[in-house]
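Reviewing the structure listed below.
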Amino acid sequence: YPPSLPEVGKTLSIADPLRLVHAGFGGDMQALPRDPAAIEQYLLLLEGTERLGDVITPDRGAANVLLPVNDNGSQNLLDVASKAESWWRQNAPSGTEAQTTGSMFEYPRAEQAISLGQIQGLGLDVAIIGAILLLGLRSLRLTIVALIPNVLPIGLMFGFMGASRIPLDLGTVFVSNLAVGIAIDETIHLITAYAR
């Protein structure tokens with residue numbers, strides 16, 4: 001793997017045991033065997049090797065390249081996945097494709113999708129709450145006044161998080177939705193009492 005990615009440690013693929021076997025039969029330790037028949041013979045020798053299935057399928061139709069990543073932060077993992085797939089598209093043999101998989105990469109992808117959904121839901125919540133307040137209070141002015149104390153703290157919080165480079169994740173976005181629910185409940189009580 002390219003040395004330009006310091007966040008990736010020593011990779012592991014089927015190439016590693018093939019190099020070891022090749023070197024055991026007098027080949028260059030740094031080079032892979034070029035003869036397909038020799039490669040197949042080496043793979044037969046490796047059949048009994050524990051965990052060989054981690055790096056190649058039994059039918060030889062697919063292989064894994066395991067990338068140990070030093071920083072397991074969600075955004076870093078997504079960046080490494082993107083760079084690895086891009087590198088493969090530029091350097092791999094034609095007719096092959098790569099897809100990043102594994103729980104360490106799928107969790108950040110799911111977290112990112114959930115966070116985006118929560119933010120979209122937050123905007124929809126504010127719109128629906130505004131419509132309900134407008135119907136209940138029958139006053140655009142009171143509705144705007146009621147929405148300001150609900151929207152302003154959330155806007156300030158997201159602004160602060162952005163300025164401080166605090167990443168959006170499931171927890172931070174979820175808290176915002178809870179805060180809207182609590183704030184609007186209190187707002188409805190207060191505005192209804194005020195209107196009376």
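Quick notes
- Flag for ILE144 being in a helix (DSSP H, G or I) and at pLDDT 80 or above: yes
- Pick from region 155-172, criterion assigned to a helix (DSSP H, G or I) and of a type in the set (Gly, Ala, Ser), ranking: modelled with the highest pLDDT: ALA163
- Filtering region 38-75 to residues that are among the β-branched types (Val, Ile, Thr), under 16 Å from LEU20 (Cβ atoms) and open to solvent by less than 60 Å² (accessible area, probe 1.4 Å) leaves ILE39, VAL55, ILE56.
- Meets criteria (without any contact (Cβ under 8 Å) to a residue 24 or more places away in the chain and over 17 Å from VAL173 (Cα atoms)) for ILE144: yes
- Remark: pairs (first residue in region 108-122, closer than 16 Å to SER176 by Cα; second residue charged (D, E, K, R); Cβ separation under 7 Å; 6+ apart in sequence or on different chains) = GLU111/ASP169; SER115/ASP169.
- Single condition LEU52 does not satisfy, out of (1) aliphatic (A, V, I, L, M); (2) at pLDDT below 80; (3) over 30 Å from ILE166 (Cβ atoms): (2)
- Whichever residue in region 96-119 is assigned to a loop (DSSP other than H, G, I, E, B) and either open to solvent by less than 90 Å² (accessible area, probe 1.4 Å) or touching a Leu at 6+ places or on another chain (Cβ under 7 Å) (or both) and, among such residues, is modelled with the lowest pLDDT: GLY102
- Just one residue in the set PRO58, PRO17, PRO6 is over 30 Å from ILE166 (Cα atoms) and in a loop (DSSP other than H, G, I, E, B); that residue is PRO58.
- LEU18 meets each of the listed conditions (1) at pLDDT 85 or above; (2) open to solvent by 70 Å² or more (accessible area, probe 1.4 Å); (3) hydrophobic (A, V, I, L, M, F, W, C) apart from (2).
- A count restricted to region 81-95 and to residues that are closer than 20 Å to ASP16 by Cα and open to solvent by 70 Å² or more (accessible area, probe 1.4 Å) stands at 4.
- Condition met for ILE188 (open to solvent by 50 Å² or more (accessible area, probe 1.4 Å), modelled with pLDDT under 85 and β-branched (Val, Ile, Thr)): yes
- Options LEU133, LEU78, LEU32, LEU122; residue that is out of contact with any strand residue (DSSP E or B) (no Cβ under 8 Å at 6 or more places or on another chain), open to solvent by 60 Å² or more (accessible area, probe 1.4 Å) and either hydrophobic (A, V, I, L, M, F, W, C) or assigned to a loop (DSSP other than H, G, I, E, B) (or both): LEU32
- Listed by first and then second residue, the pairs with beta-carbon distance under 7 Å, at least 6 apart or on different chains, first residue in region 57-79 and closer than 19 Å to LEU44 by Cβ, second not polar (S, T, N, Q), are ALA63/ILE14; ALA63/VAL55; ALA63/ILE56.
The values are calculated or read from the model by the stated rules, or taken from the named source; none is laboratory data. Just so we're clear, the structure is a prediction, and the values are computed from it rather than from any experiment. Here the Cβ is made from the backbone with ideal geometry for all residues, glycine too, and neighbour counts use every protein chain on show. All accessible areas refer to the heavy atoms of the entire protein, side chains included, with ligands and DNA or RNA removed. Shrake-Rupley method; radii C 1.70, N 1.55, O 1.52, S 1.80 Å.
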